[in-house]
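Step one of this worksheet: look at the structure below.
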Amino acid sequence: MSDELAELLAKNEHFLTQQTLSPISHLPRKYTALLTCMDCRLVRMFEEALGLERGDVLELRTAGATISTPERASAANDLIRSLAGGIYLLGVRKVMVIGHTECGLARVNEAALVASMQALGVDPQRLIEQERLGNVQGLMNWLGAFHDVHLNVKEVVEVIRHSPYLPRIPVHGFVIDITTGKLTLVDRDPTE
């Protein structure tokens with residue numbers, strides 16, 4: 001067993017001796033789904049900066065809080081499926097897309113991506129051909145790379161608002177500062 005795995009299990013055992021979790025509903029108290037990034041710097045900071053408690057919201061995390069360019073047109077992807085489950089089965093009535101400053105997907109270097117893939121045994125050109133991505137830029141689009149977090153949030157908000165799989169509920173867009181936790185509204189849904 002690796003040191004990291006042993007440490008994780010030991011920390012869980014310690015948690016179990018120190019905490020007793022109260023049973024709560026699986027329905028989000030605030031009837032809200034939050035889409036944010038998987039960035040490790042958001043762990044704990046995100047919930048604290050927004051004043052969120054266990055059971056308040058559904059929290060969905062993707063790389064870059066985004067939907068990759070190839071998946072935007074049909075709006076049929078895992079994120080939309082998850083939102084549909086939250087809306088139809090769990091009572092979600094509002095969606096908030098929250099990107100963040102200094103996002104790694106906003107600064108993807110094509111050469112570094114290709115080199116990393118090759119170093120880990122993945123042939124980027126073979127993947128590009130197999131998935132009909134066209135070129136390295138197509139690979140970047142598949143990954144979800146973008147240049148402007150504010151624009152990306154607005155685009156993701158529009159995909160969610162216009163998905164044929166989802167009802168028309170308020171969808172707002174924000175950017176949170178990764179350093180300070182300051183939240184900035186970048187796209188307010190006009191219906192709310």
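Since every read-out is calculated from the coordinates, none of them should be taken as a lab result. Remember, predicted model here, so these are calculated numbers, not experimental data. Cβ placement follows ideal geometry from the backbone for every residue including glycine, while neighbour counts extend to all protein chains displayed.
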Scope the range 1-46; condition touching a residue at least 12 places away in the same chain (Cβ under 8 Å) and in a helix (DSSP H, G or I); matching residues = ARG41, LEU42, MET45, PHE46
Tally, over the range 147-192, of residues that are of a type in the set (A, V, I, L, M, F, W, C), within 13 Å of HIS100 (Cβ to Cβ) and not in a helix (DSSP H, G or I) = 6
Determine if the range 130-145 includes at least one residue that is surrounded by fewer than 18 Cβ atoms within 10 Å (Cβ to Cβ), among the aliphatic types (A, V, I, L, M) and out of contact with any Phe, Trp or Tyr (no Cβ under 9 Å at 6 or more places or on another chain).
-> yes
Of those in the range 81-95 that are crowded, with 19+ Cβ neighbours inside 10 Å and touching a helix residue (DSSP H, G or I) at 6+ places or on another chain (Cβ under 9 Å), the residue farthest from ASP148 (Cα to Cα) is VAL92
